[in-house]
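Accompanying notes for the structure given below.
The values are calculated or read from the model by the stated rules, or taken from the named source; none is laboratory data. In this text the structure is predicted, and so the values were computed from the model without any measurement. Cβ: placed from backbone, ideal geometry, glycine included. Neighbour counts: every protein chain shown.
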Amino acid sequence: MEIIIYIYNGMTMLDAIGPYEILRNVEGFNIKFVSKKKGEIKADSHFISIQSKHKISDIEKADILLIPGSTIAFVKEMKDKKLLEWIKKMDEGTQKTVSVCTGSLILAATGLLEGKKASSHWKPIELLSDYGAIPTRERFVEEGKYITAAGVSAGMDMAIHLVNQLRGEKAAKAAQLAIEYDPAPMFKSGNFLKAEEDIIKLAEENMERDAKKDLSFLDKLGNFKTLRKLQK
């Protein structure tokens, strides 16, 4: 089974690597990281990077297409018409097209999520409605062959669900055990609907500091409407 993970400069690394760690522990899954150009792809943290050995122009089909999110770089990806056309072309042959975090906004920009429920990171999730999708605050949402996960770590839950669908419960459990994914966080603040107001505010402040590193993307696009929505 061919699995393509699209990667791009400014992406959130765990959005791609989290699902990868689940999927790579399943026999028969061939995973490729694919980008617009081969070479180094830097994360939104500006601290780590990953090497891409494949260009999207070289990839014409896959069984699974996974689109990760980012702090702010997703806005640039949403405006890339060639990328959106490639996603739509790939989607024609996929068994599943999935996203993590704000990757759902890139997917929504293609029009493929119009009229469908979709999840995303809690901060910009309402932007989905600009593209006809229905914002839904769940860990992950499945609509036909589309699965959209909430922020960052939710991609791992989505990947386990995906393995369960494609290879069955035993394979999903084994992949989960292989990386000892048995979350038991100290606090119950990982869900927007359960977090206290002061914690939400602090989290927003932390994310906004990170976003400022990449605001040049928005400056170049002149996309001030999107910026205002992200800052609300």
Which condition number in (1) on the phi > 0 side of the Ramachandran plot; (2) modelled with pLDDT under 95 is the one that Glu180 fails?
(2)
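Taking segment 77-105 only, how many residues are farther than 16 Å from Thr136 by Cα and either in a helix (DSSP H, G or I) or of a type in the set (Asp, Glu) (or both)?
Residues flagged as farther than 16 Å from Thr136 by Cα and either in a helix (DSSP H, G or I) or of a type in the set (Asp, Glu) (or both) within segment 77-105 amount to 15.
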Checking Leu65 against (1) farther than 16 Å from Met156 by Cα; (2) at pLDDT 95 or above; (3) not in a loop (DSSP other than H, G, I, E, B): exactly one of these is not met. Which one?
(1)
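Residue check: is Ser57 surrounded by fewer than 20 Cβ atoms within 10 Å (Cβ to Cβ), among the small types (Gly, Ala, Ser) and part of a helix (DSSP H, G or I)? Give the derivation first.
Details: surrounded by fewer than 20 Cβ atoms within 10 Å (Cβ to Cβ): yes; among the small types (Gly, Ala, Ser): yes; part of a helix (DSSP H, G or I): yes.
Yes: the conditions hold for Ser57.
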Take segment 137-174 and flag every residue that is closer than 12 Å to Gly18 by Cα and assigned to a helix (DSSP H, G or I).
Ala154, Gly155, Met156, Asp157, Met158, Ala159, Ile160
Please work out which one of (1) buried (at least 18 other Cβ atoms within 10 Å of the Cβ); (2) touching a residue at least 24 places away in the same chain (Cβ under 8 Å) is the condition Ala172 fails and give its number.
(2)
Can you name the residue in segment 106-128 that is of a type in the set (D, E, K, R) and part of a loop (DSSP other than H, G, I, E, B) and, of all such residues, is nearest to Asp44 (Cα to Cα)?
Lys123
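Results for (1) at pLDDT 95 or above; (2) buried (at least 20 other Cβ atoms within 10 Å of the Cβ), shown as yes or no for each residue.
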position	(1), (2)
Val75	no, yes
Ser99	yes, yes
Gly111	yes, no
Ile125	yes, yes
Leu128	yes, yes
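Can you spot a residue in segment 205-222 that is modelled with pLDDT of 95 or more, at positive phi and not hydrophobic (A, V, I, L, M, F, W, C)? Outline the logic, then answer.
The initial filter retains those residues of segment 205-222 that are modelled with pLDDT of 95 or more, namely none.
No, there is no match, as no residue in segment 205-222 is modelled with pLDDT of 95 or more, at positive phi and not hydrophobic (A, V, I, L, M, F, W, C).
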Every residue in segment 1-50 that is hydroxyl-bearing (Ser, Thr, Tyr), assigned to a loop (DSSP other than H, G, I, E, B) and over 13 Å from the mean Cα position of the chain (by Cα), please.
Ser45
